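To start, I am sharing the structure in question, which I have written as structure tokens.
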Amino acid sequence: MEDIKQNIELLLSNIKILHKESIFSKNKVPKLVAVSKKQEANKIDQAILYGQKIFGENRVQEAANRWQKRLEIHKGLELRLIGPLQTNKVKQSLNLFDVIETIDRDKIAIEIAKNLHDKTKTKNFYIQINTGNEPQKSGVDPLDADKFIKYCIDDLNLPIVGLMCIPPVNEEPSMHFLLLQKIANRNNLSELSMGMSSDYEDAIKFGATSVRIGSLLFGERKGWLEKMTWFVGFCFKIFSIMFVCCYFNRHSFYNIYP
């Protein structure tokens, strides 16, 4: 698990260097959000042990199962929702997450506004922009972004502090980061959640205030084929041990009673 400690230290160092070299160096250093979805429990605990404070989750119920006890034990942690939010999960989300980054449509915004009050844990919200207009992805159309942001802030009185995006995998991410930055600037929003393991360096150059890192921090997750291969190998080892034990027990019996 020393790799996780080294990964965190390397990421924080690189973020500071990139930020210092960017035109946004007078702003605060971008925050490191550890994407803990589907990560092994011991890896998450190690990250907390080594000082990581902010974590991002994609699914509400999985986050609740994974974090409720940890949040009671470890004070000062910040939990963010960085995945799609359904209306039937809004109440639960508002009492679990410190930040929700994925407001993406009227229905969700209205439901949040209905359930938001002084005792709600969630204090800050981001609007997700679908910068690539990808039909399979959540997010507001960039052409509708200004109107939707104004609606959330002025009509629903939501504390919108920033924007979030996930660029298309087959396109240059910089153009999407620039687009998000321009939308934020003209709407006076200061927070930009953009950049993941593969493109966080570019995101920082375009003003990211937080980057969402998974594999570079925790390491690659095991795929189902790798897990199945490990399981088959484990079963084979157990079978081999049982076979050897039975073989020697049998021969020991014949030696005693020929």
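The values are calculated or read from the model by the stated rules, or taken from the named source; none is laboratory data. Predicted model only: the values in this text are computed from it and were never measured. Note: ideal-geometry Cβ built from the backbone for every residue, glycine included; neighbour counts use all protein chains shown.
Can you name the residue in the stretch 78-95 that is out of contact with any strand residue (DSSP E or B) (no Cβ under 7 Å at 6 or more places or on another chain) and part of a loop (DSSP other than H, G, I, E, B) and is also farthest from Ile108 (Cα to Cα) among such residues?
So, considering only residues that are out of contact with any strand residue (DSSP E or B) (no Cβ under 7 Å at 6 or more places or on another chain) and part of a loop (DSSP other than H, G, I, E, B), the one farthest from Ile108 (Cα to Cα) is Asn95.
Go through the residues of the stretch 37-55 one by one and say whether even a single one is surrounded by 15 or more Cβ atoms within 10 Å (Cβ to Cβ), free of Cβ contacts under 8 Å to residues at least 40 places away in the same chain, of a type outside the set (S, T, N, Q) and under 23 Å from Phe177 (Cβ atoms).
Checking the stretch 37-55: at least one residue is surrounded by 15 or more Cβ atoms within 10 Å (Cβ to Cβ), free of Cβ contacts under 8 Å to residues at least 40 places away in the same chain, of a type outside the set (S, T, N, Q) and under 23 Å from Phe177 (Cβ atoms).
For the subset of the stretch 151-172 comprising residues that are surrounded by 12 or more Cβ atoms within 10 Å (Cβ to Cβ) and among the β-branched types (Val, Ile, Thr), which member is farthest from Asn185 (Cα to Cα)?
Filtering the stretch 151-172 for residues that are surrounded by 12 or more Cβ atoms within 10 Å (Cβ to Cβ) and among the β-branched types (Val, Ile, Thr), the one farthest from Asn185 (Cα to Cα) comes out as Ile166.
Here is a list: Arg66, Arg80. Which entry is more than 28 Å from Ile183 (Cβ to Cβ) and crowded, with 18+ Cβ neighbours inside 10 Å?
None of the others qualify; the one that does is Arg66.
Assess whether Gly83 counts as being among the small types (Gly, Ala, Ser) and in contact with a Ser or Thr (Cβ under 7 Å, 6 or more places away or on another chain).
yes
Filter the stretch 81-104 for residues that are over 21 Å from Tyr151 (Cα atoms) and either touching a residue at least 60 places away in the same chain (Cβ under 8 Å) or not assigned by TED's automatic domain parsing to the domain that holds Ile213 (or both) and give the result.
Selection gives Ile82 alone.
Further, regarding this structure: Give the stretch 53-72 a look and list any residue that's of a type in the set (D, E, K, R) and assigned to a helix (DSSP H, G or I), or say none.
Across the stretch 53-72, the qualifying residues are Glu62, Arg66, Lys69, Arg70, Glu72.
If you don't mind, there's one more thing I want to ask. Restricting to the stretch 1-42, name every residue that is outside any loop (DSSP other than H, G, I, E, B), of a type in the set (S, T, N, Q) and within 18 Å of Lys205 (Cβ to Cβ).
Ser13, Asn14, listed by residue number.
What residue, among those in the stretch 124-144 that are under 16 Å from Gln181 (Cβ atoms) and touching a Leu at 6+ places or on another chain (Cβ under 8 Å), is surrounded by the fewest Cβ atoms within 10 Å (Cβ to Cβ)?
Once the filter is applied, the top-ranked residue is Pro142.
With the stretch 105-212 as the region, which helices (runs of 4 or more DSSP H) entirely inside it contain at least 2 residues that are closer than 25 Å to Pro30 by Cα, without any contact (Cβ under 8 Å) to a residue 60 or more places away in the chain and polar (S, T, N, Q)?
Correct list: 173-186.
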